[in-house]
Amino acid sequence: MAGWTKVLREDGQSPDGKSLVSLRKSAIAFNAHFIRANSLADFLRATVFVDADRRKVGFKFHSNVSDRDSFALTTDGGSKGEARIIQVQALMVKNRWLRAASKVTISRARQYSPTKAPDGIWTIWIRPSFEVAVRLEDKDKIPSDVAGIYRYLDREEVVYVGCGLIRSRLATPERSGWVFDRIEYSPVEDQSEQARWEGEWLEEHRNKVGFLPRYKRVGGVRQK
């Protein structure tokens with residue numbers, strides 16, 4: 001298939017009948033398959049739970065209007081109007097890791113497959129989405145002990161995606177000639193998780209633009 005570039009769907013629709021929860025800038029949407037497959041159509045409210053340390057969001061569906069902290073479930077179009085949505089602008093404002101994930105331009109990168117715990121809470125694990133932004137001239141503000149995934153941007157072009165100790169990697173000699181003006185990162189402690197998310201973001205970048213970031217393909221070789 002040389003010469004071809006796959007066209008990526010931007011509408012966020014899933015053609016394979018998969019249960020999905022999608023993040024939007026001020027809302028969270030539950031697709032029709034999820035609502036139908038789990039008999040959730042008759043519920044009127046959803047209570048939301050957050051575990052910021054592990055980037056988890058949980059949902060419990062019910063019709064208890066006396067729960068003043070719950071959110072109204074309203075229709076969101078889709079197949080026969082079965083999809084549902086909750087408006088959570090304040091939640092997004094309060095949690096920048098969640099807000100960053102909701103602003104990802106690739107629609108399928110904002111979609112998550114929910115799992116149900118024995119206590120009835122449906123859970124999604126949010127991908128780290130570079131919620132901390134630092135100008136290059138302010139790089140010393142990055143704590144020396146913070147590790148995770150990070151990316152460098154030249155204006156709005158992503159020129160590198162990596163993982164590890166963010167500040168020390170930035171100071172390596174081979175990067176002194178690189179051109180970029182901003183660092184964005186997400187703290188992730190576990191090294192295997194760092195590598196996993198680095199790989200996923202590189203794959204998303206390749207799918208979106210057709211090639212790896214500028215400094216990941218020096219000499220045609222994928223760089224660390």
Once segment 21-125 is represented by equal point scatterers at the alpha-carbon sites, with solvent omitted, what log10 I(q)/I(0) does the Debye formula produce at q = 0.25 Å⁻¹? -1.68
Cα-Cα separations in segment 165-210 greater than 12 Å, expressed as whole percent: 73
Out-of-range pairs (alpha-carbon distance over 21 Å; input Lys56/Lys103; Lys18/Lys116; Lys139/Lys208; Lys25/Lys139; Lys56/Lys139; Lys103/Lys208): Lys139/Lys208; Lys25/Lys139; Lys56/Lys139
Over the chain, calculate the relative contact order: mean separation of alpha carbon pairs under 8 Å at least 6 apart, over the residue count, as a percent. 17
Give a residue-ordered list of calculated ³J(HN,Hα) values for segment 156-165 (Karplus: 6.51 cos²θ - 1.76 cosθ + 1.60, θ = phi - 60°; whole Hz; x for Gly, Pro). 10, 8, 6, 9, 7, 10, x, 8, x, 6
By the mean-Cβ-within-10 Å protection proxy, highest first, 198-209, 177-188 rank as 177-188, 198-209
Mean separation of Cα pairs under 8 Å and 6+ residues apart, divided by the residue count of segment 132-220: what relative contact order is that in percent? 34
From DSSP H assignment alone, runs of 4+ in the chain each adding -39500 (n - 2.57), the sum over residues rounded to the nearest 500 puts [θ] at 222 nm at -5500 deg cm²/dmol
Return the Cα extents of segment 78-180 along principal axes one, two and three, sorted largest first, each rounded to a whole Å. 56, 29, 23
Rounded if a/c is under 1.5, else prolate if a/b is larger than b/c, else oblate: which is segment 132-220, with a ≥ b ≥ c the root eigenvalues of its Cα gyration tensor? oblate
Would you mind pulling out the separation of the Cα centroids of segment 91-120 and segment 43-61, in Å? 10
So the angle from the long Cα axis of helix 191-209 to the longest Cα principal axis of the chain, reported in degrees to the nearest 10, equals 90
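Since every read-out is calculated from the coordinates, none of them should be taken as a lab result. Because the structure is predicted, anything quoted here is derived from the model rather than measured. Note: ideal-geometry Cβ built from the backbone for every residue, glycine included; neighbour counts use all protein chains shown.
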